[in-house]
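Working notes for the structure below.
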Amino acid sequence: MAPAMLERALAEGVAPILERLVRGGRYVPDCVAAFPSVTPVCAASIVTGFGQDAHAIPGMNWFHREEHRYVEYGSSFRAAQRFGIARQLTDTVYNMNRAHLSPDTLTVFEALDDADIRTAGTTYLMYRGRYRHEPQRDTTLTRVASALMRHAVMGPRELFYADIFASRATGCRSGLGMPGVRDRHSGCVSAYMVEHDLFDFLLLSLPDNDWHSHKHGPDAQVQSIAQADLQLARVMNAAGGVEEFLAEHAVIVMADHSQALVSDTIALQDELAELGVLHPAHPRRSGRNAEGSREGEPLIAVCPSQRGAMVYALHESERDAVRASVVARSLAIDGVDLVLWLEHDAHDAPREAVIASPLHGELRFAPGGPLLDLRGSSWSVDGALAAIDASIEDGRLLTPTYPDALARVWSALTCANSGEVLLSAAPGFEFLDWGRQAHVGGGSHGSLHASDSLGALVLTGAELPEPEPEQWAIRDVAPLVLAHFGLDRSS
């Protein structure tokens, strides 16, 4: 949800519930997403309160080193077809929570469940909790995919996930979880839970605004925000009205990221083909494949995540040489805004990160040092501040074009599942996914740039932290929820 589009919806009077929440609470128009600013990474940061260096979800598409395969969470239907729809569904519905999300990082559901606080959630990528849920047997989706959707999951006490999992009968159907109807399903089950007093904490996901913006562009969000507002009204009306609901509940409304208009694409698989790109459908095949891999073993895996991307070196012995080749080629690709990588010391520990701009050169940085960012983290920097349009004022590092840049990049690069090289697209560009799909003419996200990294945040009835962050981030919300229930991360 782009802050400007929320503000336009309020000005046009089409979102009265959100207008009431903004008027009666704290509105933050520049809450920073994770990087890459794509839904799996951001969703994991929201429910854990940490970056991917802790939660381990690195992108929409990534390479699983231990299993020597690509992981694809749903970039597009054609991308899912390339990797196998069964594999994509298994990774998204099951493995993302059960195997890929770090077991060492508690979700907000798990922390609240452990304190015997009644948790609930509607369809959301991140749902891991302490309660076992068996798949439904009487829905079209589970009948069609019965061979796949047969395993139980661990979720919040009350879990409603498309037409796959439902902790109780509500009479609500999700229409196979298809875009355009998901908000109505979330509103339906949430209203049921309000009416029957089934939760203390509810994660209510309204994802159709993202789909609408992908298809029609960020400027079309007013319509989809208005539709989301109708579902909020539906939920609050189940309590007797807006004021009655707010008398009993604190409300946090947030975006996981924003979106930027896309007018052009980058075919990273083609641009790096001379290095030998691993083919998604036949990862162990030798010889020249459709992506241009040279004879013998491919050297790299290419993982586009909309306006972000990662490149993996497939052989540890060649990591540094391959990384250098990828960096050199990437800096020459039209539409690549930033190229990022990590330098290691003699013990292979992270020494410093590098952000390289084709126009402005390299900026090197590491945690600890004389400079403070807007979130109070300290850094040492060397090189071209212009690479991220940064300035230093009174010992503080300001990066408005790339908000919270150093912390987000460091978290991304030090994530164990990230690639050796990360890329951020320039405004207007998106990386083609493995199905050769992009959102040209519509909106997308994933880059480090402010245009798709700053989302709206509204806090109503929730106590603000002291001191309040000068720069809010999506990872600040889980601690707020825990504090609301008298818990902290060490509880």
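The values are calculated or read from the model by the stated rules, or taken from the named source; none is laboratory data. Computed from a predicted model, the values in this text were never measured in an experiment. With ideal geometry, Cβ positions are generated from the backbone for all residues, glycine too; neighbour counts draw on all protein chains shown. Side chains included, ligands, DNA and RNA excluded: accessible areas come from the protein's heavy atoms. Shrake-Rupley method; radii C 1.70, N 1.55, O 1.52, S 1.80 Å.
One line per residue, one yes/no per condition, for (1) at pLDDT below 95; (2) out of contact with any Asp or Glu (no Cβ under 7 Å at 6 or more places or on another chain):
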| site | (1), (2) |
| --- | --- |
| Arg408 | no, yes |
| Ala438 | no, no |
| His445 | no, no |
| Leu448 | no, yes |
| Leu459 | no, yes |
| Glu463 | yes, yes |
| Gln471 | no, no |
| Val477 | no, yes |
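Condition check: in a helix (DSSP H, G or I) and small (Gly, Ala, Ser). Does Ala86 satisfy that? Against the criterion (in a helix (DSSP H, G or I) and small (Gly, Ala, Ser)), Ala86 qualifies. Between Ala44, Ala79, Ala34, Ala99, the distinction of being part of a loop (DSSP other than H, G, I, E, B) and aliphatic (A, V, I, L, M) belongs to Ala34 only. Being among the aliphatic types (A, V, I, L, M) and surrounded by fewer than 17 Cβ atoms within 10 Å (Cβ to Cβ) is true for just one of Leu372, Leu413. Which residue is that? Of the residues listed, the single one that is among the aliphatic types (A, V, I, L, M) and surrounded by fewer than 17 Cβ atoms within 10 Å (Cβ to Cβ) is Leu372. Checked against (1) in contact with a Cys (Cβ under 8 Å, 6 or more places away or on another chain); (2) open to solvent by 50 Å² or more (accessible area, probe 1.4 Å), Cys172 passes all but a single condition, namely (2).
Summed over the stretch 375-390, the residues that are β-branched (Val, Ile, Thr) and open to solvent by 50 Å² or more (accessible area, probe 1.4 Å) give a count of 0.
Has the stretch 391-398 got any residue that is open to solvent by 10 Å² or more (accessible area, probe 1.4 Å) and in contact (Cβ under 8 Å) with a residue 60 or more places away in the chain? For the stretch 391-398, residues open to solvent by 10 Å² or more (accessible area, probe 1.4 Å) and in contact (Cβ under 8 Å) with a residue 60 or more places away in the chain: absent.
Please determine whether any residue of the stretch 220-231 is closer than 22 Å to Arg26 by Cα, in contact with a Phe, Trp or Tyr (Cβ under 8 Å, 6 or more places away or on another chain) and open to solvent by less than 50 Å² (accessible area, probe 1.4 Å).
no
Of all residues in the stretch 2-48, how many are under 28 Å from Ala405 (Cβ atoms) and either touching a helix residue (DSSP H, G or I) at 6+ places or on another chain (Cβ under 6 Å) or open to solvent by less than 20 Å² (accessible area, probe 1.4 Å) (or both)? Total meeting the criteria: 24.
Residue check: is Ser447 surrounded by 21 or more Cβ atoms within 10 Å (Cβ to Cβ), part of a loop (DSSP other than H, G, I, E, B) and under 22 Å from the mean Cα position of the chain (by Cα)? Spelling it out, Ser447 is indeed surrounded by 21 or more Cβ atoms within 10 Å (Cβ to Cβ), part of a loop (DSSP other than H, G, I, E, B) and under 22 Å from the mean Cα position of the chain (by Cα). Cβ-Cβ distances below 9 Å connect the following pairs, each with a first residue in the stretch 72-95 that is at negative phi and aromatic (Phe, Trp, Tyr), a second residue that is surrounded by fewer than 16 Cβ atoms within 10 Å (Cβ to Cβ) and not in a helix (DSSP H, G or I), and a separation of six or more residues or different chains: Phe83/Ala281; Tyr94/His151.
Is there a residue in the stretch 323-334 that is at positive phi and open to solvent by less than 40 Å² (accessible area, probe 1.4 Å)? No, the conditions are met nowhere in the stretch 323-334. For Ser357, the stated conditions do not hold, so it cannot be described as over 30 Å from Ile17 (Cα atoms) and buried (at least 22 other Cβ atoms within 10 Å of the Cβ). Restricting Leu112, Leu106 to residues that are part of a helix (DSSP H, G or I), at pLDDT 95 or above and buried (at least 21 other Cβ atoms within 10 Å of the Cβ) narrows the list to Leu112.
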